[in-house]
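Coordinate-derived values only; no laboratory data. Note that this is a predicted model, so its numbers are computed, not measured. Virtual Cβ from ideal backbone geometry, glycine too; neighbours counted across all protein chains shown.
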Amino acid sequence: MPEIAVVAALEREIWPLVKSWRVCEQAYSGRRFRFFEAENCVAVCGGIGPAAARRAAEAMVALYQPGVLESVGFAGALDTKLQVGDVLEIRQVIDAADGSCSDTGRGDSTLVSFSSVAGEEQKAKLAKSYGARAVDMEAAAVSKSAQVHHLQFQAIKVISDEKDFPMPPMERFVTDDGQFQSGKFAMYIALRPWMWATAMRLGRDSAKASRALSEHLRRHHESVYAGSQPVAATASEGSRP
């Protein structure tokens, strides 16, 4: 079984890392998940938000029995010094929903998990309330799964939008199961020329963040898990894309 299980929200966050990994589709608790397998590591992109992250983490634990749960993906900057592409190894994760805090035992940054996409105004409030450097939506949920199952937890995030970035209304395009409706978002932007420059910047920044995160994870996994055995075979219905 794999030692480390990576939980992200969307495939585009870690695609440069997993694009050549083996693909395995499996069902758990009435839902289907697409897993990416490599040497001693497996990844799943379970959707946006805490509920989707928790479902994906629980599926990962049940199907793969890893030793480590790792929350990875995009985060918004709460610190003006942070720029797109900066990778943070998180020491503390704060859940804004209940104020609980988990310590990974490594890293040096504080992350706050919030239940919705944070724009400029919300970022300012979160920075003031929690003293965190960045905000995401999923890490606290993955941390709770790790705690329940007595697993080691890690969090590695990359800045995809800076503190003053004028975030478009992304939340209205997130489905109940955490998927992002790219087509509807593109149509929304197409009808609003004044938002074209912002949307183009968001696309460029997301691509830059994805590359930076994937390269960091590749180096991190190679250094920590060098010499590990390949992922054990699992019952699968999928194949290489």
All-but-one check, Ile189 against (1) part of a strand (DSSP E or B); (2) of a type in the set (Val, Ile, Thr); (3) over 14 Å from the mean Cα position of the chain (by Cα), failing number (1)
Inside region 23-50, the number of residues satisfying the requirement of being under 13 Å from the mean Cα position of the chain (by Cα) and of a type in the set (Gly, Ala, Ser) is 4
Scanning region 151-208 residue by residue, the ones that are among the charged types (D, E, K, R), touching an Asp or Glu at 6+ places or on another chain (Cβ under 7 Å) and within 23 Å of Pro16 (Cα to Cα) total 3
Among strands (runs of 3 or more DSSP E) entirely within region 15-121, at least 3 residues that are without any contact (Cβ under 8 Å) to a residue 60 or more places away in the chain occur in 31-38, 41-45, 87-95, 101-103, 109-113
Exercise for the section: Examine region 103-125 for a residue that is of a type in the set (Lys, Arg) and touching a Gly at 6+ places or on another chain (Cβ under 7 Å), and state whether such a residue exists. Expected result: yes
